[in-house]
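The values are calculated or read from the model by the stated rules, or taken from the named source; none is laboratory data. These figures come from a predicted structure and were not determined experimentally. No Cβ is skipped: glycine too gets one built from the backbone with ideal geometry, and neighbour counts run over all protein chains shown. We work out accessible area using only protein heavy atoms, side chains counted, and drop any ligands, DNA or RNA first. Shrake-Rupley method; radii C 1.70, N 1.55, O 1.52, S 1.80 Å.
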Amino acid sequence: MIYCVEDDVNIREIEIYTLQSMGFEAAGFADGKAFFEALDRELPELVLLDVMLPDLDGIQILKMLRQRTKTKDLPVIMATARGAEFEKIQALDLGADDYLAKPFSMMEMAARVKAVLRRTNKDVNENCLNIGALSIDKLGHKVTLNGETLELTLKEYELLLLLCRSRGRAFTREQILDVVWGTNYDGETRTVDVHIKTLRQKLQSMGEIIKTVRGVGYKVEYSE
């Protein structure tokens, strides 16, 4: 379970959505009060903690976490304003495990979450993902087909990983843009269609596992 403490409802929802699409359980809270109430019920594996909150700020919350026996070793990633060097230094000095500078992409967030969980010896499901003759090595950031390495761009890799991790689940083009390109991307949804086309071509015979869902977007579907 990962807790996202963020008062901006749009950011909080996309954080939760992204983490869930990556296979994590996630829950969100708009302020410190709700967060600590949840903490008393269940201890998460990691906390994504925004600095600017309406009641207690993130720095205060981090101090409280480090003072409690039960949460002193709880992994915490702070979300700070871009350029706020003092906030970053203060957070790290108080024991934050990492920080994200806003605005950040959802793929960067997911990568940092996995990196922190690796360092703290948590299970982040880093083994290879296999679908038929296709294999995605998440640790090596490599895709092979029948044992041969495929040359994918970063966005093609992230797009394929997103769809394969949530096999059978349909994603809209907007959802794909938010997760793979980031919430601040200003391009058109046609970008997704172009990347899907080239990805299908590179996957050769396995390209057919990427299905077009009419009126929605795309999903990966494969019968053993």
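Helix 154-165 and the longest principal axis of the Cα set of the chain meet at an angle near 90°. Who wins for biggest fluctuation among Asp50, Asp98, Asp137 in a Gaussian network model of the chain, springs between alpha carbons below 10 Å? Answer for the Gaussian network model of the chain: Asp137. Here the peptides 26-39, 139-152 are ranked by packing, the mean other Cβ count within 10 Å, and the order with the highest first is 26-39, 139-152. Both the radius of gyration and Dmax for segment 73-224 are 17.6, 53 Å, in that order, over alpha-carbon atoms. In this structure the chain gives 50 Å² per residue of accessible area when probed at 1.4 Å with all protein chains present. Among the listed pairs Lys72/Lys102; Lys155/Lys211; Lys33/Lys72; Lys155/Lys197; Lys33/Lys63, those whose Cα-Cα separation exceeds 21 Å are Lys72/Lys102.
Show log10 I(q)/I(0) for segment 1-72 at q = 0.25 Å⁻¹, two decimals, from a solvent-free Debye sum over equal Cα scatterers. These q points yield log10 I(q)/I(0) values of -1.18. Share of pairwise Cα-Cα distances greater than 18 Å in segment 137-203 is 37 percent (whole percent). Surface composition of the chain: carbon and sulfur make up 47 percent of the accessible area, probe 1.4 Å. Comparing mean-square fluctuations of Thr69, Thr120, Thr198 from a GNM of the chain with C-alpha springs under 10 Å, the top value falls on Thr69. Relative contact order of the chain: 15 percent, from C-alpha pairs under 8 Å at least 6 residues apart in sequence. Looking at the chain alone, DSSP beta bridges between its own residues are antiparallel in about 45 percent of cases. Over segment 1-153, the alpha carbon radius of gyration divided by the compact-protein estimate 2.2 N^0.38 Å works out to 1.14.
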